[in-house]
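Each remark here refers to the structure printed beneath this line.
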Amino acid sequence: MVILSSTRASLFRNIISKRGLATPSTLPIKDCTSITPPYPRLLETLDKVRDVLPKGSKLTLAEKILYSHLRNPEESLGGNGKIRGERYLKLRPDRVAMQDASAQMALLQFMTCKLPSCAVPASIHCDHLIQAQTGAASDLTRSIETNKEVFDFLESAAKKYGIEFWKPGSGIIHQIVLENYAAPGLLMLGTDSHTPNAGGLGMLAIGVGGADAVDALTDTPWELKAPLVTGVKLTGQLQGWATPKDLILHLAGKLTVRGGTGRIIEYFGPGVPAQSCTGLATIANMGAEVGATTSTFPYSDNMRQYLHATGRGPVAEAADAAAKRGFLSADEGAEYDEVIEINLSELEPHLNGPFTPDLATPLSSFSSFLNTNKYPTNLSSALIGSCTNSSYEDMSRVASIAEQAKAAGLKSKVPFLVTPGSELIRATVEKDGLQSTLEAVGATVLANACGPCIGQWKRDEHKGEDNAILTSFNRNFKARNDGNLKTMNFLASPEIVTAMAFSGDLNFNPTTDSIPTPNGPFKFTPPSGDRLPPTGYSAGDLSYAPSPSPVPQPNTDIAISPSSTRLEILEPFGTNFKDGQGELPPMTCLMRVKGKCTTDHISAAGAWLKYKGHLSNISENTLMTAVNDELDSINKAIDLDGKEDTIPNTMKSYKSKNEPWMLVVDDNYGEGSAREHAALQPRFYGGSMIVARSFARIHETNLKKQGILPLWFIDKSDYSKISSHDKISTKGLEKIMKGDTSSEIITLEITKPSGETLEIRTRHTLSKDQIEWLRFGSALNYIGAMAKQSGKV
């Protein structure tokens, strides 16, 4: 066993002690006018809510935040009957955040509404379009040049409509939101599925498509079916190598990728206050992986400290006052729809994967798991950072591991890539020497951006080969990170990823095993670090950041070239209900999609990100990695003439013949990213209806927003009764389109090519407003019509 010299050991203990006990100073106090929640209004609305609800009703924290943002409590909550899982809530969000890839389509849609400015504070974050290749400086320069026309478009739109614009290099949207905009009790929409990251500050942050964001930007009531509330009670204390990341990896294994659908996860219990604010953000971030609407936590002293440390003392003081009135925690005796109890003292590190974030394996069983499944045991790359784990606490803890490795003469045996979450984090870890510590053991620090986590990784190694990587990311679907269907990404805490990088062997357990060195076996001690920087945060390069609350400049020209292949002005979709008809026109089943079909399958990211603002071009990737159940092959379908072709080409063929079509899909269709292109693209090619065994929440809403009717099989076994080229007609939709939502049943009449007929019962989830979206052809068409009618345009 390696024994450090007494001087080195003493120095190391001092470092660890300092990291554990330091009290941070703060950044200069910010202007918090636009970022402090309107607590007086929210508390007043909550009083009205209590008048509407049965006397003595006990509310969860999630309900308090949601209901306090209702536009009309009586309309949403009045009358008898169940609310959770049944009622549609009409809400007034406080803020909108958009990342550069999804902001393009969100703004293109907003522009069709012809309004002069945004109704709520909003921000744009340039983080998705920066590709990792060689290192931070060169990658950022290259990406700015490559994506100049997109960044110019976003900046011009931000200037015109009064939106805060965070330039390329500023950092990842979710880290910047946590550092600048998140606040206890706030309700925020974000055009990214990991928007719930901001829940680490005791708010509700919900991932949506661009059309939902437009609701908030245009002061249109934003509609959400009242979620069920799952309570997670935390007891005990994290021990040794266990981290908040391991908590959510463990929970993902229990709930699966569908277990949180239609639910908010609310954490409570004695184990919550001990967690850092950024640790809670990690937990909330990966709540998206179980399909949860969002996650939240009661206001705590660690949240208060984080607000002060990031220059938002006035927000903390306002939150303190609201908390004293009972707003920022659940009522005592509030009931949850389900309660899961986790003893943190018994939690061990987990690794989840491959190919799905809910396949959870405890570290102690991981070697056996790999060998049983004959998975690769040689580690090919180790990656830490991303929006899930790039806080100062994360970086200081991995630096403590790197210090130990350096003292033992070790360097990373594989490419070791580090992604800072923001310029604030990058500058602070550089100031405090953490970056140099990581670089000394072989780490490459990438740009402040999403990078490999979302597929922006130019990786030349192991193309087409089976290989295993470890990441501290949040999602690990096939081909997501490097475009290689055979790359197995195992998700873990940054501490476990870092320690394993020094072994290069996935059988290595850093909590129990040693690494051979010339001086004898070396064993890591558990990591340690600071929750907040001991000498305060360093702001870094302020040129990346916007001026707060910019005034709209309506004379600004939007930068879109008519010849652009990256950006395209949207043309409104037509309606499927012309001349007052109430049923959809008869449709042909284009194909039956088999198995897991995420939004990555429906609209791939990676190289396709450059077409996010050009619907015609990006539609060329529609469902190109989906499996056709009848052909048992990827990206194959049969067109109307009996010719086998790619799925996008088959869709184009149907569109050219003006033939309406529909899809039959499997369970949890559209899980994963909030990518609304996965709804826009089928609509662009003429899709009218999708019938599923079940839908992921965000995607089902996105389909409705674009004028596609989503239906659920009542009997899931009916999935196999509809085949390609069957003719499908709806029966019972007309009554619903007339406003009668007393029945949720829509019958499908199927006529086979042989002439055989059958009927299948399905159910809809349309609210009265969503019926209007269908009638007008899209939610945007409806918003525009209402704005014109009211004289806002």
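General observations
- For region 533-622, the dipole from Cβ point charges (+1 on Lys and Arg, -1 on Asp and Glu) about the Cα centre works out to 400 debye, to the nearest 20.
- Lys/Arg +1, Asp/Glu -1 at C-beta; the chain dipole; positive extreme among ALA62, PRO521, SER743: ALA62
- Degrees between helix 313-324 axis and first principal axis of the chain (Cα, 0 to 90, nearest 10): 70 degrees
- Between region 127-202 and region 486-536, the Cα center-to-center distance that results, in Å: 30 Å
- Sites GLU571 and THR517, calculated FRET efficiency, Cβ-Cβ separation with R0 45 Å, nearest 0.05: 0.10
- Trypsin sites (Lys or Arg not before Pro) restricted to DSSP loop in region 739-793 with at most 16 other C-beta within 10 Å: LYS792
- Cα long-axis angle, helix 363-372 against the chain (0 to 90 degrees, to the nearest 10): 60 degrees
- Selection from GLN404, ILE469, SER386 lying farthest towards where the dipole of region 348-528 points positive, charges on Cβ: ILE469
- Bridges between two residues of the chain, per DSSP, are antiparallel at a rate of about 35%.
- Based on protein heavy atoms only, region 39-345 ends up with 29 Å² per residue of surface accessible to a 1.4 Å probe.
- The accessible surface of the chain, taken with every protein chain in place and a 1.4 Å probe, is 50 percent carbon and sulfur.
- Here region 495-566 is assigned +1 on the Cβ of each Lys and Arg and -1 on the Cβ of each Asp and Glu. Its dipole about the Cα centre then comes out at about 40 debye.
- Ellipticity estimate at 222 nm from DSSP helix runs (n ≥ 4, -39,500 (n - 2.57)) divided over the chain, nearest 500: -9000 deg cm²/dmol
- Relative to one another, the C-alpha centroids of region 550-580 and region 709-760 are positioned 34 Å apart.
- Student exercise, the chain dipole from Lys, Arg, Asp, Glu Cβ charges, in Debye to nearest 20: 380 debye
- Considering only ILE783, ILE698, VAL627, the residue lying farthest towards the positive end of the dipole of region 578-790 is ILE783, judged by Cα position with unit charges set on Cβ.
- The structure shown yields Rg and Dmax of the Cα atoms in Å, and of the options (1) 28.5, 109; (2) 25.8, 87; (3) 29.8, 100 that calculated value carries the label (2).
- Region 24-100: GluC sites (Glu not before Pro) falling in loop per DSSP and having at most 16 other Cβ within 10 Å: GLU86
- 13 Å beta-carbon shell around GLY421, net charge (K/R +1, D/E -1): -4
- Sparsely packed trypsin sites (Lys or Arg not before Pro) within region 320-399, loop by DSSP, other Cβ within 10 Å at most 16: ARG325, LYS374
- Value of relative contact order over region 263-330, rounded to a whole percent, pairs C-alpha under 8 Å and six or more apart: 35 percent
The values are calculated or read from the model by the stated rules, or taken from the named source; none is laboratory data. If you're wondering where the values come from, they're calculated on a predicted model, not measured in any experiment. For neighbour counting, all protein chains shown are included, and Cβ atoms are generated from backbone atoms with ideal geometry for every residue, glycine included. When the accessible area is computed, the model is the full protein with side chains, heavy atoms only, and any ligands, DNA or RNA have been set aside. Shrake-Rupley method; radii C 1.70, N 1.55, O 1.52, S 1.80 Å.
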